[in-house]
Amino acid sequence: MSTVGAPAGVTGGEARPRAEARGRAEGRGGRRGRAPGQGGLWGVVFVAPQTLLFVAFFLVPVVIAFALAFMEVRPTRMTWVGLANFRRVLDDPLFGRALVNTSVFTAVVVVFWLGKALLIAYLLDPMSSALQTFFKSAFYLPAVTSSVIISLIWLWIFNPTFGLLNAFVGLFGVEPVAWLGNTRTALPALMAMQVVMGGGSSIVLLSAALARIPRDLYEVALIDGARRPTIFAKVVLPLIRPTLLYLVVTGTINTFQVFESVYVMTQGGPQFATTTVVYRIYQEAFQRFNLGLASAQAIVLFLITLVLAAVQFRLLGQNVEY
């Protein structure tokens, strides 16, 4: 019996092998028709724009900054001075003050915003998916808001005359405080703003890390008589350690580069109480046009963050499974 659609005199058993052979031939023909390396060419096309932006706006400026750090830059000429700019950086008391301010700012902010993010993520973990999405979106909103706008809002909050914070503490009989005009409160005020507004992305990452922990581990710990604090310390923290390490390292690097809030709210004052390293670099580069010294300061900042990241990986990265 002949199969439907098969040529006359060709049985179904013969038609199938011929059809398979024809399909293989067409597939080889289609592959032969494709230009050699065409897939790789399209990959280069899609990667090229981002690569060019990286080279033009990151790699080239970094190379230029390294070169300028060893030169004295004048409007009409550049002179090689070797390590003189680095010696000036180390002998500059204002840069030392800025380094101390930045270190204190980073230590306090990273500890508190990471603790806040961990606490919020742990409280969100038992909630329903809809509630988690709502709260994570609300906490993440400041991360997509301009830091300049946030600084202007907090500038109004800290205003000594009509600010919201003084209006609140005035309810308890406290006299108005110039939060950003006092050397004792200016830097803590910036820290408080950063802690309150930061941590949105950390909450999202920690929530994802907590969601990956098998629920069986919680049940086993409860059966063994472990309490919630013990479960958190012995079960939760070890399992989210890689995420915590990532957040500590990136948070330290980003916080060490604080600039926008200082520029908008205090401009390093009062009496250099809020001058940070990046703001000091900005002053040297774009106010005094001392590009050689500013480049040397930037390299010192890079080396400091590199050492801090290496120390954090050494101390926190032990026994971490990725």
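The values are calculated or read from the model by the stated rules, or taken from the named source; none is laboratory data. In this text, all values refer to a predicted model and were calculated from it rather than measured experimentally. As a convention, Cβ positions derive from the backbone with ideal geometry for all residues, glycine included, and neighbour counts pool all protein chains shown.
For the range 90-108, a tally of residues being touching a residue at least 12 places away in the same chain (Cβ under 8 Å), among the hydrophobic types (A, V, I, L, M, F, W, C) and closer than 14 Å to residue 276 by Cα returns 6. Within this structure, residue 141 fails the test of being surrounded by fewer than 17 Cβ atoms within 10 Å (Cβ to Cβ), in contact with a Leu (Cβ under 8 Å, 6 or more places away or on another chain), more than 28 Å from residue 269 (Cα to Cα) and at pLDDT below 95. Scanning the range 213-240 for residues that are over 18 Å from residue 139 (Cβ atoms) and touching a residue at least 12 places away in the same chain (Cβ under 8 Å) gives 213, 217, 218, 221, 231, 232, 234, 235, 236, 239.
Would you check if residue 94 is buried (at least 17 other Cβ atoms within 10 Å of the Cβ) and touching a helix residue (DSSP H, G or I) at 6+ places or on another chain (Cβ under 7 Å)? No; evaluated as a whole, the condition is false for this residue.
Here residue 70 fulfils each of the conditions (1) surrounded by 11 or more Cβ atoms within 10 Å (Cβ to Cβ); (2) without any contact (Cβ under 8 Å) to a residue 12 or more places away in the chain apart from (2).
On the given criteria, is residue 243 out of contact with any Cys (no Cβ under 7 Å at 6 or more places or on another chain), among the polar types (S, T, N, Q) and in contact (Cβ under 8 Å) with a residue 12 or more places away in the chain? Here the answer is yes, as residue 243 does meet what is asked.
Conditions (1) at pLDDT 90 or above; (2) not acidic (Asp, Glu), marked per residue:
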{"position": "26", "(1), (2)": "no, no"}
{"position": "34", "(1), (2)": "no, yes"}
{"position": "41", "(1), (2)": "no, yes"}
{"position": "47", "(1), (2)": "yes, yes"}
{"position": "63", "(1), (2)": "yes, yes"}
{"position": "73", "(1), (2)": "no, yes"}
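Of all residues being in contact with a strand residue (DSSP E or B) (Cβ under 9 Å, 6 or more places away or on another chain) and outside any helix (DSSP H, G or I) in the range 260-291, which is farthest from residue 79 (Cα to Cα)? Just the residue, please. Checking each candidate, the answer is 289. The C-beta contact set for the range 186-205 (first residue at positive phi, second residue surrounded by 21 or more Cβ atoms within 10 Å (Cβ to Cβ), distance under 6 angstrom, 6+ apart or interchain) comprises 199/113; 199/117.
A single member of 257, 194 is under 15 Å from the mean Cα position of the chain (by Cα) and either of a type in the set (Lys, Arg) or farther than 28 Å from residue 73 by Cβ (or both), and it is 194. Considering only the range 202-215, I want to know if a residue exists there that is polar (S, T, N, Q) and crowded, with 18+ Cβ neighbours inside 10 Å. Checked the range 202-215: at least one residue is polar (S, T, N, Q) and crowded, with 18+ Cβ neighbours inside 10 Å. If you check residue 186 against the conditions, is it over 24 Å from residue 132 (Cα atoms), in contact with a helix residue (DSSP H, G or I) (Cβ under 7 Å, 6 or more places away or on another chain) and in the same structural domain as residue 116 (by TED's automatic domain parsing)? In short, no. With the requirement that a residue be among the charged types (D, E, K, R) and assigned to a helix (DSSP H, G or I), what does the range 170-217 give you? Residues satisfying the conditions are 215, 216.
The set of residues from the range 104-124 being buried (at least 16 other Cβ atoms within 10 Å of the Cβ) and out of contact with any Gly (no Cβ under 6 Å at 6 or more places or on another chain) comprises 105, 106, 108, 109, 112, 114, 118, 120, 121, 122, 124.
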